[in-house]
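J.: Take a look at this one; I'll ask things after.
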Amino acid sequence: MKNSLRVHAALFTAAFIYAANYSLSKDVMPHFARPFGLVTLRVIGAALFFGILSRLVTQDRIVGRADNIRSVLCGLIGIASNQLLFFSGLELTTPINASLVQTVSPIVVVLASAILLGEKITRARAVGILLAGVGAALIILGRKTGATPGQDTPLGNLYILLNATAFGVYLVIVTPLMRKYHPFTVLARIFLMGALAVVPFGWRQAMAIDYAHLPTLIWAEILYMVICLTILAYLLNNWALKYASPALTGVYIYLQPVLAVIIAVGLGKDSFTLEKALQASLIFLGVFLVSRKPKPAPPVASLASAQD
């Protein structure tokens with residue numbers, strides 16, 4: 001019972017950390033920092049942390065040409081592209097839109113698994129992909145209601161969709177590494193690769209931040225993104241997934257946008273309309289259908305006896 005409560009606490013805390021970021025990031029961008037600068041700070045911080053942690057915890061090393069190439073791709077897709085697209089999109093769109101569009105990640109995982117691993121897509125999953133796609137498209141193509149100057153909501157939503165796509169592909173290609181090596185070894189490598197890819201794009205924006213005159217609240221929110229969002233949330237998820245069932249994990253995936261809506265509305269960062277509720281319903285229903293495990297095929301012997 002005690003361990004079960006800890007698992008729920010870890011999953012809820014991670015979901016809350018991710019959900020709060022949608023609103024807190026809007027305080028920082030674009031007035032105090034630009035998206036590429038924030039990503040640079042976040043990725044460098046995580047690369048240093050996991051690099052040191054991996055040296056202290058394990059002597060495991062990634063070896064072989066194939067695994068090294070895979071780790072580079074994971075860094076480019078799962079860290080660099082994923083984070084650059086996410087913060088670029090969040091700068092241009094609203095917290096609620098971003099949190100809803102990003103829930104299509106499980107669908108991308110299924111599609112990537114079908115393409116890269118040859119997994120079959122059932123009829124129910126195909127319907128789910130279609131419903132979620134319609135919901136995401138309606139959000140992306142929605143009107144710019146309440147847009148602030150310089151905000152391009154459709155473009156921002158599109159960036160978030162591409163971010164969810166990159167993350168979904170990353171989950172598929174990183175799995176073999178996670179199964180073969182210690183998680184900290186993998187994280188240290190992919191964050192290093194991500195940092196090497198991000199720094200050329202974001203170092204100017206990172207250096208342009210007026211650190212000496214940042215308000216205390218903004219400093220706290222930047223540290224939140226570097227420490228809580230990048231490091232703590234992963235450590236909590238990584239620990240909880242050792243004990244949590246896939247069904248329980250799925251519940252907390254659905255909880256994240258709900259928390260994001262509550263936080264955004266509570267802080268006055270966004271408003272939740274009936275239109276958004278209907279779009280969210282399509283995405284949630286689609287993700288639910290896609291996330292359901294296909295029923296196993298009946299044994300051959302059972303089929304034969306049934307025909308007899």
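The values are calculated or read from the model by the stated rules, or taken from the named source; none is laboratory data. Everything numeric in this text was worked out from a predicted model, so none of it was measured. So basically every Cβ, Gly included, is an ideal-geometry build from the backbone, and we count neighbours across all protein chains shown. Ligands, DNA and RNA are excluded from the accessible area calculation, which covers all protein heavy atoms including side chains. Shrake-Rupley method; radii C 1.70, N 1.55, O 1.52, S 1.80 Å.
J.: For segment 279-294, does any single residue satisfy the condition of being surrounded by 11 or more Cβ atoms within 10 Å (Cβ to Cβ), at pLDDT below 75 and not in a helix (DSSP H, G or I)?
T.: Yes: one or more hits.
J.: When segment 25-35 is examined, which residues are found to be buried (at least 22 other Cβ atoms within 10 Å of the Cβ) and either hydrophobic (A, V, I, L, M, F, W, C) or over 20 Å from the mean Cα position of the chain (by Cα) (or both)?
T.: Within segment 25-35, VAL28, ALA33 meet the criteria.
Residues are listed down the side, and each one gets a yes or a no for (1) in contact with a strand residue (DSSP E or B) (Cβ under 9 Å, 6 or more places away or on another chain); (2) open to solvent by 20 Å² or more (accessible area, probe 1.4 Å); (3) free of Cβ contacts under 8 Å to residues at least 40 places away in the same chain:
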residue: GLY37; (1), (2), (3): no, no, no
residue: THR40; (1), (2), (3): no, no, no
residue: ILE44; (1), (2), (3): no, yes, no
residue: LEU48; (1), (2), (3): no, yes, yes
residue: LEU56; (1), (2), (3): no, yes, yes
residue: ALA66; (1), (2), (3): no, yes, yes
residue: SER71; (1), (2), (3): no, no, no
residue: CYS74; (1), (2), (3): no, no, no
residue: ILE77; (1), (2), (3): no, yes, no
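J.: So, one more: Of the residues ALA164, ALA126, ALA132, only one is crowded, with 22+ Cβ neighbours inside 10 Å, hydrophobic (A, V, I, L, M, F, W, C), in a helix (DSSP H, G or I) and at pLDDT 75 or above; which?
T.: ALA164 is the lone residue from the list that is crowded, with 22+ Cβ neighbours inside 10 Å, hydrophobic (A, V, I, L, M, F, W, C), in a helix (DSSP H, G or I) and at pLDDT 75 or above.
J.: Show the residue pairs that are 6+ apart or on different chains and have beta-carbon atoms under 6 Å apart, the first residue being within segment 193-206 and farther than 17 Å from ASN68 by Cβ and small (Gly, Ala, Ser), the second being open to solvent by 20 Å² or more (accessible area, probe 1.4 Å) and assigned to a helix (DSSP H, G or I).
T.: Close Cβ pairs (under 6 Å, with a partner that is open to solvent by 20 Å² or more (accessible area, probe 1.4 Å) and assigned to a helix (DSSP H, G or I)) amount to GLY202/PHE36; ALA206/LEU41.
J.: Please specify each residue of segment 203-235 satisfying the condition of being modelled with pLDDT under 90, open to solvent by less than 40 Å² (accessible area, probe 1.4 Å) and not β-branched (Val, Ile, Thr).
T.: LEU229, ALA233
J.: Tell me, yes or no, whether segment 178-185 has at least one residue that is out of contact with any Phe, Trp or Tyr (no Cβ under 6 Å at 6 or more places or on another chain), farther than 18 Å from GLN59 by Cβ and open to solvent by less than 30 Å² (accessible area, probe 1.4 Å).
T.: Within segment 178-185 (the criterion being out of contact with any Phe, Trp or Tyr (no Cβ under 6 Å at 6 or more places or on another chain), farther than 18 Å from GLN59 by Cβ and open to solvent by less than 30 Å² (accessible area, probe 1.4 Å)), the answer is no, since none of the residues qualifies.
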